[in-house]
Amino acid sequence: MIPWLSEHNHDFPTVSSALSEPNGLLAAGGDLSPKRLIAAYKKGIFPWYSDPDPILWWSPAPRCVLPIDQLHISKSLKKTLKKKHFSVSFDKAFSQVIQQCSLSRKDQEGTWITDDIQAAYLQLHHMGVAHSVEVWDQNELVGGLYGIALGNVFFGESMFSKQNNCSKIAFCFLVNQLRSWHFKVIDCQVHSPHLQSLGAIEIERKDFLSYLADQDKSSTLAPNGYWDLSILAEDIC
């Protein structure tokens, strides 16, 4: 059995009590208020569920992360970046990005990016906590990603791509921009071959929590509110 969270109590059980099967399931219930979501991410917890299930909260072990200095860019991706066919922006189309991320998963067993999730993260975006990266082909949005920034950790949530490599392009620009702001790590949550190809690795939960423990001690150059992109394609490495 896992604990059921009330709407008025924003405390989470310790992540060490998360189940090993299914990996990382910690609690159910509660709500998607900004206060609860921010409290969750600060403890290495995130929501993941599909309608009509209740909200489920997770903290998997091991944790998939990308140390900010370990980005891997393939030769083919480098060629694509050098062509400069696509343009990239930050925080220009958050609602479109999260909607496209939800649509890209319709061919799977439903989507965990529900209407409630979209509304909750859009609220965090307006607060300057959630951010998006957009990849454009002329005026068409062809790729992107979104996530949460707290301290020197970026918590990646989802990405989509309508053309080859566009989600990877968004990720490369994000990593290099975060590096310039002295972020330490991107949380990728769970392993996938796509993320592994970009350099993501699995680490112990306790090691991931040590990154989070340093948040309050760290300082970054990331601006408050909406982000602007200052990295150019030729700066990507």
(request) Please report the Cα spread of the chain along all three principal axes, rounded to whole Å, starting with the longest. (result) 53, 36, 33
(message) Defining a contact as two alpha carbons under 8 Å apart and six or more residues distant in sequence, what relative contact order in percent does the range 1-135 show?
(response) 22 percent
(message) How charged is the neighbourhood of S197? Take every other residue with its Cβ under 13 Å from the Cβ of S197, and add Lys/Arg as +1 and Asp/Glu as -1.
(response) +2
(request) Enumerate the lysines that K168 could reach by cross-link, defined here as Cα to Cα under 30 Å, with residues fewer than 8 away along the same chain left out. (result) K42, K43, K75, K78, K79, K82, K83, K84, K92, K106, K184, K206
(request) Rank by packing, highest mean first: peptides 129-135, 18-24, 97-103, with packing defined as the count of other Cβ atoms within 10 Å averaged across residues. (result) 129-135, 97-103, 18-24
(message) What does the charge count around V185 come to, taking other residues whose C-beta lies under 13 Å from its C-beta (Lys +1, Arg +1, Asp -1, Glu -1)?
(response) -2
(message) I want the local charge near I55. Using Cβ-Cβ distances under 12 Å, sum +1 for each Lys or Arg and -1 for each Asp or Glu among the other residues.
(response) -4
(request) Report ³J(HN,Hα) in whole Hz for each residue of the range 61-77, in order, from the Karplus equation J = 6.51 cos²θ - 1.76 cosθ + 1.60 where θ = phi - 60°; Gly and Pro get x. (result) 9, x, 10, 8, 9, 10, x, 4, 9, 10, 5, 10, 10, 5, 4, 5, 5
(request) With +1 on each Lys and Arg Cβ and -1 on each Asp and Glu Cβ, and nothing else charged, work out how big the dipole of the range 1-59 is about its Cα centre, in Debye to the nearest 20. (result) 300 debye
(request) Starting with the highest mean, order 48-57, 4-13, 166-175 by the number of other Cβ atoms within 10 Å, averaged over the residues of each peptide. (result) 166-175, 48-57, 4-13
(request) Give the relative contact order (percent, whole number) for the range 52-197; include only Cα pairs under 8 Å separated by 6+ residues. (result) 30 percent
(request) Calculate, for the chain, the solvent-accessible area per residue in square angstrom, rolling a 1.4 angstrom probe over the heavy atoms of the protein chains. (result) 49 Å²
(message) Using the Kirkwood formula on the Cα atoms of the range 109-237, what hydrodynamic radius do you get, in angstrom to one decimal?
(response) 15.7 Å
(request) Treating the Cα atoms of the range 1-43 as identical point scatterers in vacuum, please give the log10 of the normalised Debye intensity I(q)/I(0) at q = 0.22, 0.32 Å⁻¹, two decimals. (result) -0.73, -1.24
(request) Please express the Cα-Cα pair-distance distribution P(r) of the range 44-142 as a list of whole percents, one per 5 Å bin, running from 0 to the bin with the greatest distance. (result) 2, 10, 14, 17, 21, 18, 11, 5, 1, 0
(message) Per 0.36 nm of contour for each residue apart, how much would the distance between L221 and E7 grow if the chain were fully extended, relative to their Cα-Cα spacing?
(response) 73.6 nm
(message) Report for the chain the percent antiparallel among DSSP-assigned beta bridges with both residues inside it, nearest 5.
(response) 85 percent
(message) Give the separation of the Cα centroids, the range 39-67 to the range 7-26, in Å.
(response) 9 Å
(message) Sequence gap at least 6, Cα distance under 8 Å: using those rules, report the relative contact order of the range 1-59 to the nearest whole percent.
(response) 36 percent
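The values are calculated or read from the model by the stated rules, or taken from the named source; none is laboratory data. Since the structure is predicted, the reported quantities are computational estimates derived from the model, not experimental observations. Here Cβ is always computed from backbone atoms with ideal geometry, including for glycine, and neighbour counts include all displayed protein chains. Note: areas computed on protein heavy atoms with side chains; ligands, DNA, RNA excluded. Shrake-Rupley method; radii C 1.70, N 1.55, O 1.52, S 1.80 Å.
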